[in-house]
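Where a number appears in this text, it was derived from the coordinates with a stated rule and is not lab data. Just so it is clear, the structure is predicted and the values come from calculations on it, not from any experiment. No Cβ is skipped: glycine too gets one built from the backbone with ideal geometry, and neighbour counts run over all protein chains shown.
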Amino acid sequence: MGPRENVKPWMAFRIWMGGFFVLLVGLIFSLWFIPVAFLGFKRLARTLHPLWAKATLVCLGAKLTTEGLERLPQTGFIAAATHHSLMDTFTYPAVIGPETCYLGKEELSRRPIFSTSFRLLDNVFVERDAGEKALDLILEHVQNLPPTHNIFIHPEGSRGPEGKVRPLTPGIIKLAIETQKPIVPMVSLGGEPLWPKGFIFPLPGPVSIVIGEPIDTQDWKLETYGTHLDALRKELHQLLKSGGSPTRAEVQS
């Protein structure tokens, strides 16, 4: 029996009240960072992104812990993150620095308020099936950002079941070679059971982010991209297996 079955009335009320406050928090933050970013203070606006993510997790009743947060480089890096549920929309930004460019799927650009906020914070929408065209768009966008900016990507391409790492798209390897940024593998745990596909809001409960060691990409070549792709997938799989480690730190809201 899954955790979403036989939800008691008081829990159902808690879930919907949490969802209401999520929408309220999203509206409040949008009224702040859309005007701030529109006026040109984009760095200030981006500092609100992690705060929005943490506030949303509090409203949802999600207790976020992390492992390996100290491994994040101080300079720009590429975050290679697994994606298992909508909870990832909030857990990853809550722990990654605000100076991060997120890659969003093109379908989300049809949501007016979200797409406006997303673009104003120097993020970029891409078509997942566009191949080299999408990569060129990303590279053109990234080249206009400071070299210390991070890039966040789901290398599997789309959401998949928790506990498994599906084949990765080669674009992340080419992106690393072109930008010369290290890749930091990271995985999310606990989100899918609480927020499975098809549900509007999640159950309250524990979620976590596990961060691996940065992977140096300075000497990578396109000729051996397959080797690098396999190594990254294995590293993500190892992080999923080690997700039960007790050495986690609670993320302060």
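Within the range 145-192, report the trypsin sites (Lys or Arg not before Pro) that DSSP leaves as loop and that have at most 12 other Cβ atoms within 10 Å.
Details: sites: R159, K164, K174; in loops: R159, K164.
Taking the range 145-192 and a limit of 12 other Cβ atoms within 10 Å, the loop trypsin sites (Lys or Arg not before Pro) found are K164.
Going by a ≥ b ≥ c, the root eigenvalues of the Cα gyration tensor, does the range 9-250 fall in the rounded group (a/c under 1.5), the prolate group (a/b larger than b/c) or the oblate group?
On the way: a/c = 1.70, a/b = 1.22, b/c = 1.40.
Oblate, since a/c reaches 1.5 and b/c is not below a/b.
Which of the helices in the chain meet the span-like rule: DSSP H, Cα axial reach of 20 Å or more, Kyte-Doolittle mean at least 0.0?
Working: long enough: 9-38 (43 Å, 1.77); 42-60 (27 Å, 0.38); 225-241 (24 Å, -0.64).
Helices meeting the span and hydropathy rule in the chain are 9-38, 42-60.
Once you order the gyration tensor axes a ≥ b ≥ c over the Cα atoms, which shape class does the range 1-78 get: rounded for a/c under 1.5, otherwise prolate or oblate by comparing a/b with b/c?
On the way: a/c = 4.09, a/b = 1.46, b/c = 2.80.
Oblate.
Among S85, S109, S242, what is the fewest-to-most ranking by other Cβ atoms within 10 Å?
On the way: S85 22, S109 17, S242 14.
Neighbour counts put them in this order, fewest first: S242, S109, S85.
Most exposed first by the Cβ proxy, i.e. fewest other Cβ within 10 Å, how do M17, M186 rank?
Values: M17 13, M186 27.
Going from sparsest to densest Cβ surroundings: M17, M186.
Lysines near K63 by alpha-carbon distance under 19 Å, same-chain residues fewer than 8 away left out - which ones?
Answer for K63, where 19 Å is the Cα cut-off: K54, listed by chain and number.
Restricting to the range 9-250, compute how many DSSP beta bridges are antiparallel as a %, nearest 5.
Working: 7 of 26 bridges.
Roughly 25 percent of the beta bridges in the range 9-250 run antiparallel, per DSSP.
Compute the relative contact order of the range 9-250 as a whole-number percentage, counting only Cα pairs closer than 8 Å that sit 6 or more residues apart in sequence. Working shown, then result.
Details: 404 pairs, mean separation 66.6, N = 242.
Answer for the range 9-250 is 28 percent.
Just tell me which lysines come within less than 27 Å, Cα to Cα, of K234; anything on the same chain fewer than 8 places away is out.
Counting by Cα, and skipping residues close in sequence, K234 has these lysines nearby: K105, K164, K174, K181, K197, K221.
Does the range 71-155 come out rounded, prolate or oblate, given a ≥ b ≥ c as the square roots of the eigenvalues of its C-alpha gyration tensor, rounded meaning a/c under 1.5 and, failing that, prolate meaning a/b above b/c? Intermediate values should be presented prior to the final figure.
Details: a/c = 1.40, a/b = 1.13, b/c = 1.23.
Taking the square roots of the gyration eigenvalues as a ≥ b ≥ c, the range 71-155 is rounded.
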